[in-house]
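A short reminder: the numbers here are calculations on the coordinates, not readings from a lab. What you see is a predicted model; the values in this text were computed from it and never measured. Glycine gets a Cβ as well: all are built from the backbone with ideal geometry, and neighbour counts include every protein chain shown.
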Amino acid sequence: MEGYFIAIAISVLVYLLMASGLALQYGFTGLVNFGHVGFFAIGSYASALLALKGVPVPVSLAAAALLAALAAYPIGIIALRLGGDYLAIVTLGFSEAVRMTLQTEEWLTRGMHGLPGIPRLFAGWVEPRYIDLCILLLLVVVCVAVFFAIHQIIKSPFGRVIEAIRDNEVAVRALGKNPAQFKTRSLMIGAGIAGLAGGLQAHYLTFISPEQYVPLITFYIWIAIVLGGVGSLRGVVMGTVLLVGFLEGSRFLRDIFTGISEVQLASVRIWIIGMALICVVLYRPQGLFGKSAERKH
Amino acid sequence: MALLSVTDITARFGGFKALSSVSLEVGEGELVGLIGTNGAGKSTLFSVATGYIPAGSGSVVFRGEDITELAVHQRVRRGLARTFQVPREFSQMTVFDNMMVAARDQRGEKLANLLFARGAIREEEERLAQRVREVLAFLNLARVTDELAGKLSGGQKKLLEIGRLLMLEPSCIMLDEPFAGVNPVLIGQLCERIVELNRRGIAVLIIEHNLAELARLVPRLYAMDRGQVIASGTPEAVLADAGVREAYMGGVI
Amino acid sequence: MDLISIANAVINGVVIGMLLALPALAITLVFGIARFPNAATGDYMTLGAYTTMASQLVLGGSIVAAVLAAMTATAAISLLMYFWVFRALSERSHVSRLIASIGVAFAVRSTITFFAGQDQYVIDVPLVRAWNFGGLRILPTDLYIVGAALTALFVVFFIMYLTPTGRRMRAIADSAELAAASGIRARRVMIFLWTIAGAFCGLGGALLGIKAVVLPELGWELLMPMFAGVILGGIGSPVGAVLGIVTFSIAQEVASLYVGPAYKIVLAFFILLVVLLLRPQGMLGRPIAAR
Amino acid sequence: MRQPYDLSRRGFLISGTAAATLGALQAPVLAQEKVFRLGALNSITGIGGPYGPYMLEAIKIAVNEVNEAGGAAGRKFQLFAEDDQTKPEAAVLAVKKLVEINKVEAVVGIWPSSVGLATMPITNDANVITMNTCGAPEMLTENKKGLAWMFQASNAIFGNAFAEVARQRGFKRPAVMAFNNSTFVGQANYFKNAWESGGGKVEAFVIYEPNQSSYRTELARVLATKPDVISLSAYRPDATIILKEWFQTGQDCKFIMPGWTANEDLVKALGKEATEGLISISNVAADKHEAYKRFAAAFRKVAKREPDIFAAQSYDMVITLALALEAAGPQADVAGVNGKIRSVTGVGGTRVNGFAEGRDLLRKGEKVDYEGASSRLDFGKHGETVPDFGVSDIRDGKLVLKETIPGKLPA
């Protein structure tokens, strides 16, 4: 019984890590990143491949975060010269390009066959039955650390500038600061966090394949932060818990309502998410748990 | 040599020629006005000079350096700053934070320093806060230090914008209609501050609709109409110019 | 690669491009006028394909009647979503509209799968062989598809360039503020916009369903190439959208002869990047201010 | 229910409440008799959408059959169904839920190899039997506890069979087209290896991305090499488009395709003309086995269509499991049941075609050999099926069985 809840909690925390990266990018900087899963994928594969080559897992995780962050650099440079909608499309295209590359470059990634046998975190250190629990605790620590770091960034002079950028970018340029520079950094940090999340997930699942990294994951993260409330870390936490809770909780609907077919139930699940998204944007723009009103860009 | 010289600038929007061969100069520490009707191209000229709109042809030279191809923020860093017709305050931030953002090259803007130079950042923050208080006091904004900038009156926002520019320590500021939408009581105060700044050696170029106010303020004026400079000289000379009178159709003067 | 293969790839690119030109036009108009990238575009197409299939079952054989019924249905849904969602959000940030449009996309698609399931359908049209001109192959069905697309494009360009509503529409696309200042009533333009956008997505989806198979993800999968095509043509420019998507499709097809099919999407992404780097305004777009 | 971890408490509460409600609802059923808790993990949505729902139907039919016969070893099957969305990470949660919350003793109906590989560590840890249709060769090497049973022939065996058929039919210039996923790329590679180790040459080898509206350019690349046969590893949606486009070109060429794609559904989508002469390869079953006929009849009643191979395999999973349970007896644990799976399907026993028949023989102490609805079901040492393959041609819209070839692993 606990095992399942540990699994859900791990899932929540992995999503939460990704969401916190996106929260920094969108919630605090106003970057419309629709390619989050691309950075997540880079992190997963980087860490998995390195670990399979014998690199210690902590090192491979660090490399994963770094690599994902570096991957964001050119994207930022190119896309940030243009407006927000371009960034959305370029990042979406980027994540698809990453997936296709992972799928095609078999010499490196084994393509669609996926990577089995990725070293588990803590394997050999603790008894197998406690591994999941240890991964959960590690994720808690990582999440707390990441949240603390984001909090520190937001209230620093750097955070002040990104807040100003989100408020009025033209005025920031009028103050002699290059918004693209700040945005690129914010994009890179968020991407690095996503990469770290990807690495951690890879060492938890022990098997990854390119089809895990579809744009739907990005959209789930977006839904989580929009539901919870953009621009507040509390909203991000609540939104993620709510989304994963719903996605998982709806499994139990099937055990209760037997009359409805599985296909229909899956449809209902997506329908509820879609409707929730519309309704929150329409009627509660600050999100279910957010405080401040939405800002205009 | 002039501090800022704009030479033969042309700008187009689609088929519409917004500026044709406009030239203008601002000397070191000078106070210059720029008048013209709606659509005469004044704001466009500002935008070209500060880099928001690319110049079709012509050059912008600032302190002897050709800055025509530079990005906005690079021009600002060289000391050429501007305000906007519609104030662009950071509406969701406090007046204090608005000012703090403006200071240039802060250590805390570098992420590595957040890890390794926390003490230095704290020190710098204190120093900047001190300076912010001084500038706010100078602009009579001390009372609203902790208000959200979005809640200020139109005039206060204009003052705040000027305040932010002062944090940059620029050598030339370009003010786009600083008196528009400002209540008459504040206008006097604004004028006073602008003159005071100029007295401290900052060159000022002002776009204004309100001819009377401007004529009192500046010793030298340019007049624009339909994308061209049609007159320049002392306020009296410019206002007496036939072309200028025609452009304004006698309505305002 | 021999010339015939390249020519065939070009023909194929033109057909796919013309087909996608309809939803691409919807994307660019919505972007220009309602000011957001509409992520529901793909699922409106899917809806068009499914309603074509369904109305063919209900109405019997006539494919033309079925396609018209589908266009009506998607236009109706598109309008409904405007009145319920996008109108209310018109004063809010473009990101909020974008996110709402993702919600609309999910809702539309899941409603379809609720009733139609996940399995594929085919729209019943007779299968014919291609005309073969010394290796150069042209399909009669493709000609109908291109013909239908051209007719629809002709109609909308006629409306946009020669009627008052169309002129107003372009004025708003040029500058919403200016248009508002000059007293253009946006309401009618918006209704017209969403009707056209819906009908065109419906038609595009129907034609795609006829050409390929009808699946729940049919339109969603095409969002990325369509956006890339629109950007290539110059976002907000109607003629540019058509040219852009056709060019893009040709490039994709021809290139897949050389780089291998798996890299089609990667290639699309690189075309996008190169365009954005070299000519951010696209083929026909107005220059955007340097930042 | 214990909630030892303080973090994300609300997440626990949401799911926890649901679980508690669920427990309350099910309690009365559970109390009365000892049941065998069976999990069905199907790809209801995602790319498996065209197959998963029917696999679940087939599982339900089999469960009903077992339960109506009074259960296996006195235990009735209680079914818990989950959708893996054809995604490994969704599958991990789904299987955890099945194992931890529903306490299932076996999971059947796993379709894609990615899900099979991602869930194997979990089911192995929890000592749960899994039955799948995964074709990736890694399934065999990762099956370290011998708890996994592959009802579908592995890619290697399939690719070999394709090459064998191409050779037997006298084709000289084969080409390969495959959908880009692990199963089909594997199949395509094994085809190529098998063909080329026989001294031939594969003219064109194209792996295509799915979800396109046209595959004309990919097809043109293949057709340009003038192949006399194309090994097309595809699912129905892409196969429909590819064959439509091939037919439109008018170029003469044969296709060898897997049976789950080249079947009556494909004919329905494309018409008789375009599908005439397609060669369809599938685990032999099939339509000659009594088990298939009975299952197909039941399936038609529910689903209003013919079952595909995955549905037949899913049905066999449950029946096999039930027979093993019967053979192991009411007190047997999971390992005991697992140990009997080979014996109820292996050669040497009396051939049986259904659960009731097999159970009666088992109760008499006889050995049985279940002849499934999908194949004769003999498991190799890693739990793999090495079926015979039925080679059918599509003639006038109908599958006509031409010959049977023995399946074998590549040398």
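Just a few scattered comments:
- Pairwise FRET efficiency - C:V274 versus C:D2, Cβ, R0 = 25 Å, nearest 0.05: 0.40
- In sequence order, region B:54-67 has phi-based couplings of x, 7, x, 8, x, 9, 10, 10, 10, 6, x, 10, 6, 10 Hz under the Karplus curve 6.51 cos²θ - 1.76 cosθ + 1.60, θ = phi - 60°, and Gly or Pro positions carry x.
- The gain in end-to-end length when the C:L59 to C:F133 segment is fully stretched comes to 22.9 nm, 0.36 nm per residue minus the alpha carbon separation.
- Hits among lysines - C-alpha to C-alpha of B:K158 under 24 Å, sequence gap 8 or more where chains match: A:K177, A:K296, B:K42
- Filtered chymotrypsin sites (Phe, Trp or Tyr not before Pro), region A:123-206: DSSP coil and at most 11 other beta carbons within 10 Å: A:W125
- Degrees separating the helix D:290-303 axis from the principal Cα axis of chain D, which is the longest one: 80
- Peptide A:4-16 has a mean of 6 when you count, residue by residue, the C-beta atoms of other protein chains within 10 Å of its C-beta.
- Shielding score for D:239-250, defined as the mean number of other chain Cβ atoms within 10 Å: 4
- In terms of distances greater than 28 angstrom between alpha carbons, the cross-link table entries D:K76/D:K268; D:K301/D:K398; D:K254/D:K381; D:K144/D:K201 yield D:K76/D:K268; D:K254/D:K381; D:K144/D:K201.
- Phi-derived couplings, Karplus 6.51 cos²θ - 1.76 cosθ + 1.60 at θ = phi - 60°, listed residue by residue for region C:243-250: 4, x, 5, 5, 4, 4, 5, 4 Hz, with x used for Gly and Pro.
- Angle in degrees between helix B:154-167 and the longest Cα principal axis of chain B, rounded to the nearest 10: 70
- Long-range HN-HN contacts of D:V107 with modeled amide H, under 5 Å: D:G39, D:I129, D:T130, D:M131
- Two-site label geometry, D:R351 and D:Q331: point separation in nm, points 7 Å out along Cα→Cβ: 3.6
- 5 angstrom amide H check on D:E384, placed H, neighbours 5+ away: D:M150
- Packing around the peptides D:39-52, D:340-353, taken as the average count of other Cβ atoms within 10 Å per residue, puts them in this order, highest first: D:39-52, D:340-353.
- DSSP-assigned coil residues among GluC sites (Glu not before Pro) in region B:130-219, each with at most 16 further Cβ atoms within 10 Å: B:E147
- Of all DSSP beta bridges confined to the protein assembly as shown, the antiparallel ones make up roughly 40%.
- If both residues of a DSSP beta bridge must be in chain D, then about 30% of such bridges are antiparallel.
- The order of the peptides D:372-379, D:96-103 by mean Cβ neighbours within 10 Å, most packed first, is D:372-379, D:96-103.
- Label-point separation in nm, B:A180 to B:D105, each point 7 Å along Cα→Cβ: 3.4
- Shielding score for C:16-23, defined as the mean number of other chain Cβ atoms within 10 Å: 1
- Per-residue ellipticity at 222 nm computed for the protein assembly as shown from its helices equals -18500 deg cm²/dmol, with DSSP H segments shorter than 4 residues left out and the rest contributing -39,500 (n - 2.57).
- Once the Cβ-Cβ distance of B:R245 and B:T145 is raised to the sixth power relative to R0 = 60 Å, the FRET efficiency obtained is 0.85.
- Paramagnetic reach from B:E65 (point 7 Å along Cα→Cβ, amide N under 18 Å) across region A:178-212: A:178-179
- Long-range amide H partners of D:F379 with built H, under 5 Å: none
- Global form of chain A, assessed from the alpha-carbon gyration tensor, a/c cut-off 1.5: oblate
- Shape call, chain B: gyration tensor on alpha carbons, a/c limit 1.5: prolate
- Against the main long axis of the alpha-carbon atoms of chain D, helix D:309-328 sits at an angle near 40°.
- Radius 14 Å from Cβ of C:R109, net charge of other residues (Lys, Arg +1; Asp, Glu -1): -2
- Between A:R129 and D:E196, the simple spin-label model (points 7 angstrom out along Cα→Cβ) gives 5.0 nm.
- Shape of chain C, Cα gyration tensor, a/c cut at 1.5: oblate
- Backbone phi angles across region A:195-210, fed through the Karplus curve with coefficients 6.51, -1.76 and 1.60 (θ = phi - 60°), yield HN-Hα couplings of x, 4, 4, x, x, 4, 5, 4, 7, 8, 6, 6, 9, 10, 8, x Hz in residue order; Gly and Pro are listed as x.
- Set of aspartates and glutamates with alpha-carbon distance to A:K183 below 14 Å, sequence-local pairs under 8 removed: A:E163, A:D167, A:E169, B:E109
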